[in-house]
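> Have a look at this one before I ask anything.
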Amino acid sequence: MRDGIFGAAKARAMDLLVRYGEALGAEWLVETNNVAGAFNASTPSVRALAARGFDAVYSELNLDSDEVVEVPRMAVNTCQLITGIDNAKWRTQGIPDDLAEQQKRGEAFFGRRGIAMHATCTPYQVGNVPVKGEHCAWMESSAVVYCNAVLGARTNTEGKESTGAAALTGRIPDWGLHRDANRRGTHLVEVGVQVDDMMNWGLLGYWLGEIVQDEIPVLTGALANPSLIKLKHFGAAAASSGGVEMYHLPGTTPEARSVEEALGGRAASETLRYSEAERRRAYANLNCARERKIDFVMLGCPHNSIDQVWLVASLLEGRRVAAGTALWVHTPRALRDTAERNGYVHMIEDAGGVVMSDTCPAISRHLPKGVRTVATDSAKQAHYLPAITGVEAWFGSVRDCIEAAISGTWNGSLETERSDG
Ligand code: F3S
């Protein structure tokens, strides 16, 4: 492949993978049939490149190639992760028309070449669900940890270039989490305070990531009702305060029928305890804002499930978002369509909220104009938005955030009613 028997694009891709694998110390490439990457062109910095055509975009950004090669159809199942632009609501985001057009032209080009335009950080919510043990090449930290821990499929946190090369070759270096030995637990975590709702799963993840960084925790104790919604929040939080790419919940996640299996027969290098003091510290660390007047409420990080969209809609029913406060609810495009058919989008819009897809404020770096203080139900978004955009952030339950949207004021608390599912 590297010698060009299958064409110039695959030769560039294989050359990149061999160099990448050598840098990592990998001895082999493994076969993959599942790639989730970032291919489209939605940032201002790509304008000049996109003007030369999307072969040039892919060559430079996804293959690290100065030579422009013609991009063939992807060799394996490949999807587009979240983008910077909502294809329908870009003006609400404050995105110039020409950039939105550029993204659409890019999608048409890459879509015809086999990249499924899921445009979400949660491809596993819209049909991309690899099976246990399947080798994948995924970007996006919240998706990677879900893929490894919850689905039992195997991926490292890849980049634009390695996913671009994997999509054309169906190969990725065999190292890190592709190998059994690197998937065993390292830290034992005893949870001594009830973790049952979405907010508390998020707090636990945020505390945990900061402590274990990129190690592999095995959690036991008072963990109740794990679900897609809660585990996507938990993993996203742990992957933002730290670099958690894998964890085990014995009895729940697929590579941990027991604590012993999760640890791979070894002793944990450290035992940690999560109790009320740790829970309070995580909440305090996420709530550093001073201003209680809320300009913007952001929900849906990682992108909301249909149940979460319903929860938001039901909490808004018959009410109105405060003047001077914006409410954006983010969900994958495919689920937005479902929410539209179910009447949920109408309920949210009726109350003055906006349902967005394809993007999020942390990725797009576009918030409503003049925002200084944000409220969110996402530990990840509360972590990144102040650092990326300079706003202050409050973190709390969905209920707290909706109340903030209605009143324009933050009154959330750690003791909020536990009814977020
Ligand atoms: Fe997804 Fe954006 Fe959050 S990419 S995980 S909604 S920061």
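Read-outs throughout are calculated quantities, based only on the coordinates presented, and are distinct from any laboratory measurement. What you see is a predicted model; the values in this text were computed from it and never measured. Reconstructed Cβ throughout: ideal geometry from the backbone, glycine too, with neighbour counts over all protein chains shown.
> I'd like the trypsin sites (Lys or Arg not before Pro) in the stretch 229-308 restricted to DSSP loop residues with at most 16 other Cβ atoms within 10 Å, sorted by number. Each step should come with its number before you reach the end.
Numbers: sites: Lys230, Lys232, Arg257, Arg266, Arg273, Arg279, Arg280, Arg281, Arg290, Arg292, Lys293; in loops: Arg257, Arg266, Arg290, Arg292.
In loop regions of the stretch 229-308 (DSSP not H, G, I, E or B), the sparsely surrounded trypsin sites (Lys or Arg not before Pro) are Arg257, Arg266, Arg290, Arg292.
> Sticking with this one: With an 8 Å Cα cut-off and a minimum separation of 6 or more residues, compute the relative contact order for the stretch 31-137 in percent.
So the answer I get is 38 percent.
> Something else: Rounded to the nearest Å, what's the spacing between the alpha carbon centres of the stretch 370-399 and the stretch 81-135? Just the number, please.
Cα centres, the stretch 370-399 to the stretch 81-135: 24 Å.
> What are the residues whose amide H is under 5 Å from the amide H of Ala36, where those residues sit 5 or more places off or on another chain and H is modelled from the backbone?
Answer set, sorted by chain and number: Cys79, Ala137, Trp138, Met139.
> Between rounded, prolate and oblate, where does the stretch 300-421 land on the alpha carbon gyration tensor, with a ≥ b ≥ c its root eigenvalues, rounded for a/c under 1.5, else prolate if a/b exceeds b/c?
Judged from the Cα gyration tensor, the stretch 300-421 comes out rounded (a/c under 1.5).
> Can you give me the relative contact order of the chain as a percent, contacts being Cα pairs under 8 Å and 6 or more apart? Working shown, then result.
Working: 960 pairs, mean separation 68.9, N = 421.
Reported as a whole number, the value is 16 percent.
> A further question on this structure: Using the Karplus curve 6.51 cos²θ - 1.76 cosθ + 1.60 with θ = phi - 60°, work out ³J(HN,Hα) for each residue of the stretch 80-86 in order, rounded to whole Hz, and write x for Gly and Pro.
Per residue, the Karplus-derived 3J(HN,Hα) values read 8, 7, 4, 10, x, 9, 7 Hz.
> What number, in nm² with one decimal, is the all-direction average of the projected area of the convex hull of the alpha-carbon atoms of the stretch 120-210? Mind dumping the intermediate values first?
Numbers: hull surface 28.9 nm².
The Cα convex hull of the stretch 120-210, projected and averaged over all directions, gives 7.2 nm².
> Let me ask something else about it. Which of Gln125, Trp310, Thr155 sits farthest toward the positive end of the charge dipole of the chain, with +1 on the Cβ of Lys and Arg and -1 on the Cβ of Asp and Glu?
Trp310
> Long-range amide H contacts for Val191: which residues qualify at under 5 Å (H placed 1.01 Å from N, peptide plane, sequence gap of 5 or more or a different chain)?
Those qualifying (amide H under 5 Å, at least 5 residues apart or on another chain) are Thr220, Gly221, Ala222, Tyr274.
> Whose amide H sits under 5 Å from the amide H of Ala393, counting only residues 5 or more places off or on another chain, with H placed in the peptide plane?
Placed amide hydrogens put Cys288, Ala289, Val374 under 5 Å from Ala393.
> Helix-derived [θ] at 222 nm for the chain: sum -39500 (n - 2.57) over DSSP H runs of at least 4, divide by residue count, nearest 500?
For the chain, the value works out to -11000 deg cm²/dmol.
> Let me spell out the model: positive unit charges on the Cβ of Lys and Arg, negative unit charges on the Cβ of Asp and Glu, origin at the Cα centre of the chain. What dipole size does that give, in debye rounded to 20? Kindly include the intermediate steps, with their values, before the conclusion.
Details: 42 positive and 51 negative charges, 114 e Å.
That gives a dipole near 540 debye.
> Using the Karplus curve 6.51 cos²θ - 1.76 cosθ + 1.60 with θ = phi - 60°, what ³J(HN,Hα) values do you get for each residue of the stretch 50-57, in whole Hz, with x for Gly and Pro?
For the stretch 50-57, the Karplus-derived couplings read 4, 5, 8, x, 7, 4, 5, 4 Hz, x marking Gly and Pro.
> Filter Lys89/Lys369; Lys89/Lys232; Lys104/Lys369; Lys232/Lys380 down to the pairs with a C-alpha to C-alpha distance above 20 Å, please. Numbers along the way, then the final one.
Working: Lys89/Lys369 15 Å; Lys89/Lys232 25 Å; Lys104/Lys369 24 Å; Lys232/Lys380 11 Å.
In this structure, Lys89/Lys232; Lys104/Lys369 lie more than 20 Å apart at Cα.
> From the Cα gyration tensor of the stretch 13-155, with a ≥ b ≥ c the square roots of its eigenvalues, which class applies: rounded if a/c is under 1.5, or else prolate if a/b is larger than b/c, or else oblate? List each step's numbers first, then the result.
Working: a/c = 2.15, a/b = 1.29, b/c = 1.66.
Taking the square roots of the gyration eigenvalues as a ≥ b ≥ c, the stretch 13-155 is oblate.
> What does the C-alpha gyration tensor say about the overall shape of the chain? Classify as rounded when a/c is under 1.5, otherwise prolate if a/b is larger than b/c, or oblate. Don't skip to the end; give the middle numbers.
Values: a/c = 2.06, a/b = 1.17, b/c = 1.77.
Cα axes put the chain in the oblate bin.
> OK, next. Please name which of Gly170, Gly243, Gln80 has its Cα lying farthest along the dipole of the chain towards the positive end, using unit charges on Cβ (Lys, Arg +1; Asp, Glu -1) and the Cα centre as origin.
Towards the positive end, the residue furthest out is Gln80.
> Something else about it: Using the Karplus curve 6.51 cos²θ - 1.76 cosθ + 1.60 with θ = phi - 60°, what ³J(HN,Hα) values do you get for each residue of the stretch 179-194, in whole Hz, with x for Gly and Pro?
Once θ is set to phi - 60°, the couplings for the stretch 179-194 become 9, 3, 4, 8, 9, 7, x, 10, 10, 9, 10, 9, 8, x, 10, 4 Hz.
> Enter the Cα centre distance for the pair the stretch 189-234 and the stretch 309-350, rounded to the nearest angstrom.
28 Å
> Could I ask something else about it? Please find, in a Gaussian network model of the chain (springs between Cα atoms separated by less than 10 Å), the residue of Asn40, Asn156, Asn77 whose mean-square fluctuation is greatest.
Comparing Asn40, Asn156, Asn77 in the GNM, the peak value goes to Asn77.
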